[in-house]
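Data block below; observations after.
The values are calculated or read from the model by the stated rules, or taken from the named source; none is laboratory data. Everything numeric in this text was worked out from a predicted model, so none of it was measured. Note: ideal-geometry Cβ built from the backbone for every residue, glycine included; neighbour counts use all protein chains shown. Ligands, DNA and RNA are excluded from the accessible area calculation, which covers all protein heavy atoms including side chains. Shrake-Rupley method; radii C 1.70, N 1.55, O 1.52, S 1.80 Å.
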Amino acid sequence: MVQNAFQASYGGGACVDGGDVFVTKLNSAGSALLFSTYVGGSGDENPGNLSLDSATGSIFVVGSTPSLNFPILNAFQPQFAGGAHDAFISKFSSSGGLLYSSFLGGNGDDGAGAIAVNATGVYVAGATNSTNLATSGVFQSSLASDPDAFVTKIAETGSAPAISPPVSPNSGTQGQTIPNFTVNGSNFDPAAVLSFSGTGITVNSYTSRTAMQIVGGITIASTAATGSYDVTITNPDSQHVTLTGGFTVIGQPAISVSPSQITFPPTPINTRSAPVTVTITNSGTVGLLISDISTQTPFAIINPSSNIGASIPPGGTASFDMIFTPTVAGPFSGSVTILSNAPTSPTVIPLQGTVILPPPPELPDLSITSVRPVQVVFDADIDGDHETDLVLKKPAGVLVTVHVINAVALKVATTVQLQFQQVAYRKVFQPSELTNSGDIQLTFKMVPVHLGTHQLLTAIVDPDNAVLETDETNNSFDPIMLSIRQTRSLVIHYVKITRISRCLLPLSPCYRPLDET
């Protein structure tokens with residue numbers, strides 16, 4: 001079973017006297033597999049020994065290999081030297097990543113069977129019959145028998161990671177999240193850590209970590225200082241590499257407005273409210289550019305400052321005024337929208353406005369100037385045909401015109417009543433509409449209800465009349481009393497007769513018969 005392996009598949013070999021080497025790490029309880037990997041090429045490898053660096057947790061494995069394609073990384077001897085086998089030494093991180101792997105041998109057969117690690121270096125011992133095994137500063141520089149033992153000390157220099165600049169991307173803006181920040185290089189451990197100098201840049205997660213590439217998500221705080229940051233990769237054994245100034249944080253504008261919402265005071269129709277000044281502040285670190293400001297009627301924008309449309313420097317301000325100009329009854333709601341190069345654009349300010357309605361017109365009292373006709377006479381035989389004009393319980397009508405001035409400007413229907421001195425006689429009337437000035441035409445019918453002789457009735461045009469008027473105090477419709485200042489009398493003469501008239505002749509220009517039955 002392989003897990004977190006740098007070499008996930010079998011490399012090859014007959015597996016008679018060998019095969020691939022494998023390295024496996026369990027947890028301290030032996031209940032979980034932490035990593036397990038193949039180590040080998042196309043030939044049969046034989047493991048020799050293993051050692052652990054207690055300071056870093058690194059794992060060292062030695063043995064012998066005939067494979068020309070044995071996995072090699074950061075090697076001090078990258079090529080197979082000859083013979084049937086070369087010795088090999090491989091170093092793994094505590095999490096299973098290959099830090100380096102190298103051949104060790106000459107033109108004969110070589111194999112390593114022991115390894116020790118301390119703070120001064122790595123020591124490997126084995127057997128060789130190679131005549132050209134690399135030697136340096138030794139007490140025996142040549143092969144004495146077949147085979148000879150050998151002891152080799154290896155300096156810990158090949159495991160340090162390296163970065164191949166540039167990183168991608170190599171810049172970002174304040175407040176930005178970059179999901180796939182990529183660092184290329186070599187000798188990266190699968191558990192290597194990416195970090196940045198200073199504060200303000202956070203590594204959120206890793207997408208992948210291989211020996212040659214680390215990909216992770218980073219977030220740049222909105223308060224991160226602008227400028228260059230160092231990028232560092234640190235392996236679990238504490239070896240690390242730093243790319244100085246490898247990443248740059250770029251500033252961005254930030255917009256704030258005051259006030260954040262506007263409620264205009266009640267404003268009369270067809271007038272303009274007092275202006276309300278809106279202040280825009282650039283609270284960012286680079287120039288803020290206002291590209292557009294818009295609103296809707298009955299709201300309007302006036303008096304924009306000269307730097308609207310130009311770059312507002314960090315800490316700088318710009319302003320404009322908002323007004324409310326209603327032309328019809330409200331209330332109204334709307335907004336003003338500001339477009340800019342800030343990442344939070346657009347900026348929207350809610351608007352509210354209410355309307356004061358004009359007072360209704362005053363309703364003056366009526367003034368009667370005349371009543372026509374001043375008298376109407378119903379005679380027994382006005383046309384000399386010995387026919388009667390009125391009959392018991394049969395009505396005859398008269399049109400009466402009352403001339404008025406100072407009537408209400410708004411047309412309303414009103415009732416001007418006729419009161420008779422003798423209640424034994426009924427009356428029926430129909431008012432016309434009041435106009436600003438003019439005539440009220442009233443039609444009434446006389447219906448005699450008892451026998452009698454020549455009598456006199458007086459109709460008085462003067463009661464109080466209930467008219468609906470708009471009350472300016474509370475803007476509601478309430479009944480008020482409208483007094484007619486002057487009164488006029490209409491005198492009506494009649495004679496009680498018992499026969500029906502053939503026709504009635506008018507006695508005045510305002511008289512017309514309404515009922516000839």
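Data for the structure
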read-out	value
Contour minus Cα-Cα distance for residue 269 and residue 160 (0.36 nm per residue)	31.3 nm
Potential lengthening between residue 171 and residue 258 on full extension [0.36 nm per residue; Cα-Cα distance subtracted]	28.0 nm
Förster-model FRET efficiency, 56 Å R0, residue 317 and residue 203, C-beta, rounded to 0.05	0.90
Mean separation of Cα contacts under 8 Å, 6 or more apart, over the residue count of the range 242-342: relative contact order %	35
Theoretical gain in end-to-end length, residue 4 to residue 335 [0.36 nm per residue, Cα-Cα removed]	113.4 nm
Calculated over the range 11-161: convex hull of Cα atoms, volume per residue (Å³)	113
Ranked packing of 294-300, 125-131, most packed first, by mean Cβ within 10 Å	125-131, 294-300
Förster radius 56 Å - calculated FRET efficiency between residue 222 and residue 142 (Cβ-Cβ, nearest 0.05)	0.20
Whether the range 223-322 is rounded, prolate or oblate, judged on the alpha carbon gyration tensor where a/c under 1.5 counts as rounded	prolate
Separation in nanometres of the label points that stand 7 Å from Cα toward Cβ, at residue 344 and residue 79	6.5
Vicinal HN-Hα couplings computed from phi for the range 313-325 (Karplus, 6.51 cos²θ - 1.76 cosθ + 1.60; Hz; Gly/Pro x)	x, x, x, x, 10, 9, 8, 7, 10, 10, 10, 10, 10
Solvent accessible area, Å² - residue 53, 1.4 Å probe, full protein context	30
Cα shape, the range 86-182, gyration tensor, a/c 1.5 rule	prolate
Solvent-accessible surface (1.4 angstrom probe) belonging to residue 250, in square angstrom, nearest 10	80
Rounded, prolate or oblate (a/c below 1.5 giving rounded, otherwise prolate when a/b exceeds b/c) for the range 1-98 by Cα gyration tensor	prolate
Rg followed by Dmax, in Å, when the range 103-243 is reduced to its Cα trace	22.2, 71
Separation between Cα centres of the range 31-51 and the range 309-347, rounded to whole Å	69
Relative contact order (percent, whole number), the range 65-224, Cα cutoff 8 Å, 6+ residue spacing	17
Kirkwood-type radius of the range 43-132, with distances r between different C-alpha atoms, in Å	13.0
Solvent-accessible surface (1.4 angstrom probe) belonging to residue 85, in square angstrom, nearest 10	60
Pair residue 68, residue 24: separation of 7 Å Cα→Cβ label points (nm)	3.3
